[in-house]
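Notes follow once the structure below has been shown.
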Amino acid sequence: MTDTPYTPFDIVFVVGGTHGNERTGVTLVQHWLQNPADVQRQTFTTRLLLGNPEAIRKNVRFIDRDLNRSFLPQHVDGETAEAYESGRAREIAATLQSDRPGKRTFAIDLHTTTAKMGITLITNTDSVNLAIAADAQKRLPGARIYCFADSDRINSCLRAAADGGLGVEIGPIPQGVVRHDTLETTYGVVQEILNTLESFNEGNFAPPDPHLPVYLHDRHMLYPGVPSGAPPVFIHREIEGRDYRPLAPGHPIFHDLNGQVVCYEGVDTTYPVFINEAAYYYENIAFSLTRKMPLASLFASG
């Protein structure tokens with residue numbers, strides 16, 4: 001990990017409203033557009049971007065398809081290219097890449113969740129992104145790193161259009177609302193990521209702690225199917241609001257109003273995140289499962 005190449009970033013994009021009903025990022029970007037000095041640093045230029053203006057206007061997550069799943073070539077240029085978000089993804093990708101060649105870009109994509117995720121930094125397993133996330137985490141007590149191995153899921157995100165990037169996920173907060181505490185938390189998170197990037201560019205950047213725990217995405221847990229006429233199931237009280245807590249085999253995960261319980265049938269202890277996320281109901285996702293591991297294991301596998 002000590003030989004990670006630290007090539008400076010020239011432009012940092014701070015993006016709000018990739019999901020139009022996550023108003024915290026929208027509000028902060030609108031504020032910084034009026035107060036740009038708040039997010040400027042000496043070694044890079046900070047640019048501000050509202051991700052999905054039409055969804056922001058309607059206070060909905062997206063219009064035709066999730067913008068944060070729209071940056072693969074088949075969505076930008078292929079069969080779904082006529083969708084509103086596909087066109088917007090094409091515009092954003094061009095913006096994030098407009099100063100190439102010779103300029104390196106980094107994207108900070110601001111999100112909120114209805115799940116009790118606290119401060120979560122989301123990244124792929126790129127060694128530079130992980131090192132930046134680890135340094136930012138040191139500045140943010142209680143923050144966690146949630147990462148994804150190389151896959152269409154992570155490569156379709158907005159920040160994949162830049163040379164580097166982090167997603168910021170803060171929760172819990174309802175969809176479509178603005179709250180002072182969440183604004184202040186997210187404001188502080190962005191400032192510390194910008195400070196990390198400044199240190200990174202200046203070369204004042206220590207290698208990350210190889211023992212730092214990170215949470216690697218494993219799979220989604222879907223709500224179980226129920227027979228026609230049977231009562232619907234819902235998240236069991238024993239795991240509600242317990243994001244990042246260990247989930248052992250046999251632990252209750254679903255329930256119905258008749259008292260029937262569904263237990264976790266996995267063979268290993270895992271760590272659920274995005275538990276009962278409202279935005280995932282349309283995909284039938286109850287929560288996601290992660291594996292907790294030391295950061296060094298990801299560097300070794302990358």
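Meeting the requirement of 2 or more residues that are surrounded by 16 or more Cβ atoms within 10 Å (Cβ to Cβ) and at pLDDT below 95, the helices (runs of 4 or more DSSP H) wholly within region 1-85 are 73-76. Of the residues making up region 250-283, just one is exposed (fewer than 14 other Cβ atoms within 10 Å of the Cβ), among the polar types (S, T, N, Q) and modelled with pLDDT of 95 or more, namely THR269. Picking from residues in region 90-106 that are within 20 Å of HIS75 (Cα to Cα), in contact with a strand residue (DSSP E or B) (Cβ under 9 Å, 6 or more places away or on another chain) and hydrophobic (A, V, I, L, M, F, W, C), the one that is modelled with the highest pLDDT is ILE92.
Listed by first and then second residue, the pairs with beta-carbon distance under 8 Å, at least 6 apart or on different chains, first residue in region 71-87 and within 17 Å of ASP109 (Cβ to Cβ) and in the same structural domain as THR18 (by TED's automatic domain parsing), second at pLDDT below 75 and of a type outside the set (A, V, I, L, M, F, W, C), are GLU85/HIS75.
When residues in region 231-249 are screened for being surrounded by fewer than 18 Cβ atoms within 10 Å (Cβ to Cβ) and touching an Asp or Glu at 6+ places or on another chain (Cβ under 8 Å), 4 of them pass.
Screening region 203-230 for residues that are surrounded by 13 or more Cβ atoms within 10 Å (Cβ to Cβ) and of a type in the set (Ser, Thr, Tyr) and picking the one that is farthest from GLY266 (Cα to Cα) gives TYR215. Kindly indicate whether VAL189 is outside any loop (DSSP other than H, G, I, E, B) and assigned by TED's automatic domain parsing to the domain that holds THR112. Considered against the rule, which asks whether it is outside any loop (DSSP other than H, G, I, E, B) and assigned by TED's automatic domain parsing to the domain that holds THR112, VAL189 comes out as yes. Per the conditions (1) touching a Cys at 6+ places or on another chain (Cβ under 8 Å); (2) without any contact (Cβ under 8 Å) to a residue 24 or more places away in the chain, the sole criterion not satisfied by ARG237 is (1). Residues that are of a type in the set (Val, Ile, Thr), in contact with a Gly (Cβ under 6 Å, 6 or more places away or on another chain), farther than 20 Å from GLU277 by Cα and in contact (Cβ under 8 Å) with a residue 24 or more places away in the chain do not occur anywhere in region 108-123.
Can you tell me how many residues within region 122-169 are of a type outside the set (Lys, Arg) and in a loop (DSSP other than H, G, I, E, B)?
Restricting attention to region 122-169, the residues satisfying the condition of being of a type outside the set (Lys, Arg) are 122-137, 140-143, 145-152, 154-158, 160-169.
After this cut, where a residue has to be in a loop (DSSP other than H, G, I, E, B) as well, the list is 125-126, 140-143, 149-151, 156-157, 162-163.
Total satisfying the criteria: 13.
Yes/no matrix, rows are residues, columns are (1) modelled with pLDDT under 95; (2) in the same structural domain as THR114 (by TED's automatic domain parsing); (3) among the aromatic types (Phe, Trp, Tyr); (4) out of contact with any Cys (no Cβ under 7 Å at 6 or more places or on another chain):
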site	(1), (2), (3), (4)
ALA161	yes, yes, no, yes
ILE170	no, yes, no, yes
THR185	no, yes, no, yes
ASN195	no, yes, no, yes
ASP209	yes, no, no, yes
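For region 144-185, the set of residues classified as among the hydroxyl-bearing types (Ser, Thr, Tyr) and in contact with a helix residue (DSSP H, G or I) (Cβ under 6 Å, 6 or more places away or on another chain) consists of SER156, THR182, listed by residue number.
The values are calculated or read from the model by the stated rules, or taken from the named source; none is laboratory data. This structure is a prediction, so every number in the text was calculated from the model and none was measured. Every residue, glycine among them, receives a Cβ derived from its backbone with ideal geometry; neighbour counts consider all protein chains shown.
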